[in-house]
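Data block below; observations after.
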Amino acid sequence: MHNGSAQGIVGVDIGGTFTDIVHYVPPQASLSTVAGVSGGQLRMYKVPSTPQNPAQGLLTGLQALDVTQPSAVIHGSTVATNALLERKGARSVLITTEGFADVLEIGRQDRPALYDLLQQRAPAIIPRERRLELAERLDHQGAILRAPGRDELEALMQQVAAQNPESIAIALLYAFRNPVHEQLLAQLLRERFPSAYLSLSSEILPQFREYERTSTVAVNAYVQPLMARYLNGLQEQLQRPLRIMQSSGGSISAATAAKEPVRTVLSGPAGGVIGAFHVARMAGYEQIMTLDMGGTSTDVALCPGLIPETSEASVAGCPIGVPTVAIHTVGAGGGSIVRLDEGNALTVGPDSAGAVPGPACYGIGEELTVTDANVVLGRIDPAHFLGGRFTIYPERAEERMAALAKRMEVSTQEAALGVIRVVNASMERALRTVSLEQGHDPRLFTLLPFGGAGALHACELAEALHIPRVFIPRYPGVLSALGMILAPIVKDYVQTVMLDAQELSTEALEAVFAPLEARARAEMQQEMSYMPAQSEAAISLQRLYDLRYFGQAYELTTSNAGDLAATLARFHALHKQRFGHEHQEQPVQVVAVRVKASVQPAQPELPFEDLSGPSAEQALLGERSMIFTQGMFRARLYERAALQHGNRIVGPAVLIQDDSTILLPPGWEGVVDGWGNVLAQQVQESSSDDKSTTLTPRDTFDPVSLEIFKHLLSSAAEEMGVTLGRTAYSPNIKERKDYSCACFDAQGRLIAQAAHIPVHLGAMPASVRAAIEQFQTFEPGDLIVLNDPYLGGTHLPDITMVTPVFIAKDSDGHTGELFGFVASRAHHADIGGMSPGSMPMSRELYQEGVIIPPLKLARAGVLNEDVLRLFYRNVRTPWERKGDIDAQIAAGQVGVRRLQEIIERYGSQMVLAHAEALLRYSAQLTRKALQALPEREVEFTDYLDDDGWGASALPITVRIQVKNGTMTVDFTGTAAQSAGCVNAVQAVAHSSVLYAVRCMVGEHVPANQGCLESIDIRIPEGSLLNPLPPAAVAAGNVETSQRTVDALFGALAQLAPQRIPAASQGTMNNITFGGLDPQRKSVFAYYETLGGGMGARPGAAGLSGVHVHMSNTRNTPVEALEMEMPLRIRRYALRYGSGGAGRYRGGDGLCREFCFLVPATVTLLTDRRVYAPYGLQGGEAGAVGINSLEHNGTATQLPGKVTLDVQAGDVLTICTPGGGGFLPKDEPYVNNSD
């Protein structure tokens, strides 16, 4: 038995609404034996949670179950999670390397939402005043460059003392390579502040990427005092062994959890996956997909014969780098609120009615929810909800659903079915994310629903994804608590190593693993000392590797296959499964090694019943009418507790139990196994035309189908983006995410896009149209590539790949015909040309790099290797270009497959019709937004500083006229085309207009060609925004696009003053550099853009240190950049005070200092160095940016646009602009938006 005692074990999962408790009593301790049942006894109890004192609900439940014996308790805690969500953690101090205290706040410099002008982000858990710095520095190999002196350490101690911290986090650069400075600092802090809790990044997460590591250790410090107090108090009250569930799915002692609480942040959801995997494996199903549907959200996971893990979780805006069970969450639950938007599309979630006031049928709330829809359809029986202990008011659900139906012009039942279809579409998209996006075929898996609502939707979801069976566990509502009983004792260890797998000997490998394994054995023995009966249990040590092809940024964690050669073969296969391609000829890098130490106690013997007959009549409660897509049916109601092993239940039927409701739709059948689980399978096709149970071909452009197809088409673009970002080689694409993906119809109209880079997405239609005009005919396997700005491109580094999509299988008879196109655009860090990075101070296009007109890189699947060889020969970093090109090719293949699957499922006519409907839907919402604006003409002019070749104060003038729901945007008055590289082709100006319009209509509107249907854009030929070839355009895409948006918003602020922010930084702060690295004996080239201040908004300050408007690329981590480039980042910080003053301040800019270790050529294309970002309504302008170069100790200010040679030891500093302020300082804000 699990803890070696005869008294059993208790699993406790504390949720937001209920605390679930499962008490396992082994056979020898059971007080009674049920005839025909073997194994132990499971006792369950649900008690309302007590958020103010979580332990109280736990203790109440134990008392109610009369758990008086010394049973061990395994507890999934929400203490750390709630502290993060509510920002109510400890008073913590963070100590970083000098120059990097703001890493925690800057993050990856991307903003949370592309088109939300009023967006907020969660505040940093440790504020600026409590982020301190230590003058020390290591290089990327761990060698000491600067050791902290005694005086510097003493000064730091005084700074710490002034903050009076409860806890202290230490996160120094490269401490994962060499922890000497962190250990020195920890020793001093323990002496001076013995009562403060300490968290060291070299102990918590010895991995590279400074932001993710710093965030993880800061979270640990932030929640550590709270968790320690809670666990100490609980242990005193329990007086029995206490273990805590980890996010990774294993348990640790309460003592370890108190020291490293960051490992428990997602413990509740992890317990559910552990429980699901265990009960399914007992029954013979190891390949499962889990569906945990609660009141607010749904968690899904895919278990391919093992529990999936990730190190990329995020909670409340804080990255958590420790291992967690790989769970994907969507805002779709029983309490998700149902609304009809302005474009007549039905939306469900992400807002939730919660437990209080709850769905309308609960008797208090007024909002219509998914639960109400299930009540209206008869799928929830009011007489038996939660065992009959909870009163349901079906008339309240009916009343609100009828009101919705009237607006939709359908029946009440049709409206309710629509709600179910939409929420199912959201959950289906989540299931696709964990399966198809990861290279897994859902048809090979079993769907296992749990949580209160999962089993109501599971069969319809399985039907949609062709999942062959649904496995419904005996106790779906308390599976997380059961999983905690079943969880092993686990500890995880990781160490970044950065080794070449091809040069790694067996001896060197053993030397890497030996210290980790020694530490694991010692600490596991300590863990087991808290459970004396487990002291003799065997410790299992599993080796794992984080592997990637040299040049990639993302690793695949690969389990040891016996020896390194076999492990590398496993990695290649995993890469092909996940991303669709592999490169066995390329060298592999061992980024990190991992050791997972575990002890699996004896598993509880769950109750098993002898086989009975197929009849379930003894459990029948009655019948009631229910609505399905096929019509109305009389469905049978069964009491699940009375079902017996071997009973067969034919749908439509509902199984009722205290903790959940289970629905078997028509055509489905369930069989009860010996453990009381129900295995459900579809035994006949749906009798209606609805082959997917989420949409019928008779549906045309109703509110339900619009929302479903919005999800379907955009998910195809998102899957493309995942593949591109994960498999690219250059830091600009793999780390900074400088790419975009989209889907188009056969005419080249944008029909769906992923949330990537705005300047790309608005301009890509021109690329697709250029491909169509050039070739007119296509065949399967074709691939078109281009970058020519005057033939569909924007600037040369942005390479676009267009792949035609042919219908593979179609019930409408159009198999083999052209459906449309998918396209990806990625910024390549070098494309040749006159300077490294291909963003030169050019005067004509030919100086900027290789010009690629639309050409077929592949014909009928045969790649033109000669074209690629010519291209690679003309760039500085051909190996990097090859990796990025391969990644774009793979992304196109993913997009083609995904669209073909959608067409096969629904038929080409339906997909095309809904693509057209979505275009009209976006056009309708845009017109409505424009109709809300006053009908008049406004004008605004803003200025580019210069073109770098003598011309300054280049005006961008826009006149906007609004009339009858249409808008004319006229750029007459804009400067003539420039002799420099700030010219922007028409597609860039169209992107800027599309972006501004999208911001006006809202994030919920699909970004497609329909958004511009009501917009008439006029751009004079030969102007800065419509130049004649061969005008240089390198900076037009990045700088002129930003100023165009500033001009547009300056005009729109006159029409909608309560919705438009002050000017943001208005530049991307482009830096490119390159040269020869003598140590690596290779050429290098690098491109980066820097965030800055966002303009203050009506009612809110601007965000600091983010990319704005036409860009949303991430930064390259310092520790990743220095490993690949011969330079050192000396400082990366917020530029305090650079935001414009006002009632609401503009966001602050950034400062980044580059210290070059070898000679290099640098090009800067920056703006807002002369003309500051404007404030609005009396707010002050933000500070202008400043570029400077320090050479031999002397600093010189640089122009905004310049190419220069730097020497080893030179320091380039870029300080980016702040955002403009909003309203005068002392003037109160009054919202007159209505």
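Some notes on this structure:
- Of the residues making up region 862-900, those that are in contact (Cβ under 8 Å) with a residue 40 or more places away in the chain and among the charged types (D, E, K, R) are ARG876, GLU880, ARG881, LYS882, ASP884, ASP886, ARG898.
- Any chance THR19 is assigned to a strand (DSSP E or B), under 30 Å from SER202 (Cβ atoms), modelled with pLDDT of 80 or more and among the hydroxyl-bearing types (Ser, Thr, Tyr): no
- Residues in region 184-204 that are among the small types (Gly, Ala, Ser) and not in a helix (DSSP H, G or I): SER195, ALA196, SER199.
- Criterion (under 21 Å from GLU844 (Cα atoms), surrounded by 24 or more Cβ atoms within 10 Å (Cβ to Cβ), charged (D, E, K, R) and touching a strand residue (DSSP E or B) at 6+ places or on another chain (Cβ under 7 Å)) met by exactly one of GLU1039, GLU1088: GLU1039
- ALA270 vs. criteria assigned to a helix (DSSP H, G or I), of a type outside the set (Lys, Arg), free of Cβ contacts under 8 Å to residues at least 60 places away in the same chain and not assigned by TED's automatic domain parsing to the domain that holds GLY354: no
Condition check ((1) closer than 24 Å to LEU1028 by Cα; (2) among the aromatic types (Phe, Trp, Tyr); (3) in a loop (DSSP other than H, G, I, E, B); (4) in contact with a helix residue (DSSP H, G or I) (Cβ under 7 Å, 6 or more places away or on another chain)) across all residues:
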residue	(1), (2), (3), (4)
HIS795	yes, no, yes, yes
SER811	no, no, yes, no
HIS814	no, no, yes, yes
PHE821	no, yes, no, yes
MET839	yes, no, yes, no
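- Candidate set from region 627-655 (those that are farther than 11 Å from VAL671 by Cα and basic (Lys, Arg)); member that is surrounded by the most Cβ atoms within 10 Å (Cβ to Cβ): ARG640
- Residues that are touching a residue at least 60 places away in the same chain (Cβ under 8 Å), assigned to a strand (DSSP E or B) and within 29 Å of PRO127 (Cβ to Cβ), drawn from region 306-335: ALA313, VAL315, CYS318, PRO319, ILE320, THR324, THR329
- Answer from ALA403, ALA415, ALA425 - the residue that is assigned by TED's automatic domain parsing to the domain that holds ILE364 and closer than 19 Å to ALA455 by Cβ: ALA425
- Within region 493-517, residues that are within 20 Å of ARG209 (Cα to Cα) and assigned by TED's automatic domain parsing to the domain that holds LEU564 have Cβ atoms under 6 Å from residues that are assigned to a loop (DSSP other than H, G, I, E, B) and among the polar types (S, T, N, Q) in these pairs: VAL494/GLN207; THR496/GLN207, counting only partners at least 6 apart in sequence or on another chain.
- GLY1091 satisfies every condition listed in (1) out of contact with any His (no Cβ under 8 Å at 6 or more places or on another chain); (2) under 28 Å from GLY1209 (Cβ atoms); (3) not hydroxyl-bearing (Ser, Thr, Tyr) except (1).
- In region 983-1000, the residues that are more than 12 Å from MET1110 (Cβ to Cβ) form Cβ pairs under 9 Å with partners that are among the basic types (Lys, Arg) and outside any helix (DSSP H, G or I), at six or more places apart or across chains, as follows: MET1000/ARG1059.
- Some residue of region 976-994 being of a type outside the set (D, E, K, R), over 25 Å from the mean Cα position of the chain (by Cα), farther than 28 Å from GLY948 by Cβ and not assigned by TED's automatic domain parsing to the domain that holds ARG1168: no
- Here PHE778 fulfils each of the conditions (1) free of Cβ contacts under 8 Å to residues at least 60 places away in the same chain; (2) surrounded by fewer than 19 Cβ atoms within 10 Å (Cβ to Cβ) apart from (2).
- For region 960-998, filtered to residues that are assigned to a loop (DSSP other than H, G, I, E, B) and either of a type in the set (Val, Ile, Thr) or out of contact with any Pro (no Cβ under 9 Å at 6 or more places or on another chain) (or both), the residue that is surrounded by the most Cβ atoms within 10 Å (Cβ to Cβ) is VAL982.
- The set of residues in region 295-346 being among the charged types (D, E, K, R), closer than 27 Å to HIS278 by Cβ and more than 15 Å from the chain's Cα centre (by Cα) consists of GLU309 alone.
- In the condition set (1) modelled with pLDDT of 95 or more; (2) within 26 Å of the chain's Cα centre (by Cα), ALA1100 is compliant with all but (1).
- Filtered residue count, region 933-974, keeping only those that are in contact with a Leu (Cβ under 7 Å, 6 or more places away or on another chain) and of a type in the set (Phe, Trp, Tyr): 2
- Where HIS645 falls short, out of the listed (1) assigned to a strand (DSSP E or B); (2) in the same structural domain as GLY454 (by TED's automatic domain parsing): (1)
- One residue stands out among those in region 599-626 that are of a type in the set (Gly, Ala, Ser) and not in a loop (DSSP other than H, G, I, E, B): the one that is surrounded by the most Cβ atoms within 10 Å (Cβ to Cβ), which is ALA619.
Okay, residues lined up against (1) at pLDDT 95 or above; (2) part of a loop (DSSP other than H, G, I, E, B); (3) out of contact with any helix residue (DSSP H, G or I) (no Cβ under 7 Å at 6 or more places or on another chain):
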site: MET1000; (1), (2), (3): no, no, no
site: GLN1042; (1), (2), (3): yes, no, yes
site: GLN1058; (1), (2), (3): no, yes, yes
site: ALA1063; (1), (2), (3): yes, yes, no
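- Among the residues of this structure, LYS856 counts as one that is over 33 Å from the mean Cα position of the chain (by Cα), buried (at least 17 other Cβ atoms within 10 Å of the Cβ) and farther than 28 Å from LYS1201 by Cα.
- Region 412-426: number of residues that are surrounded by fewer than 24 Cβ atoms within 10 Å (Cβ to Cβ) and of a type in the set (A, V, I, L, M, F, W, C): 1
- Residue satisfying condition, being at negative phi, in the same structural domain as THR214 (by TED's automatic domain parsing) and in contact with a Pro (Cβ under 7 Å, 6 or more places away or on another chain), within set LEU156, LEU138, LEU134: LEU134
- Residues located in region 663-703, provided they are within 31 Å of the chain's Cα centre (by Cα), surrounded by 23 or more Cβ atoms within 10 Å (Cβ to Cβ) and either at pLDDT 70 or above or among the aromatic types (Phe, Trp, Tyr) (or both): none
The values are calculated or read from the model by the stated rules, or taken from the named source; none is laboratory data. Since the structure is predicted, the reported quantities are computational estimates derived from the model, not experimental observations. Positions of Cβ are generated from backbone atoms using ideal geometry, with glycine treated the same way; all protein chains shown enter the neighbour counts.
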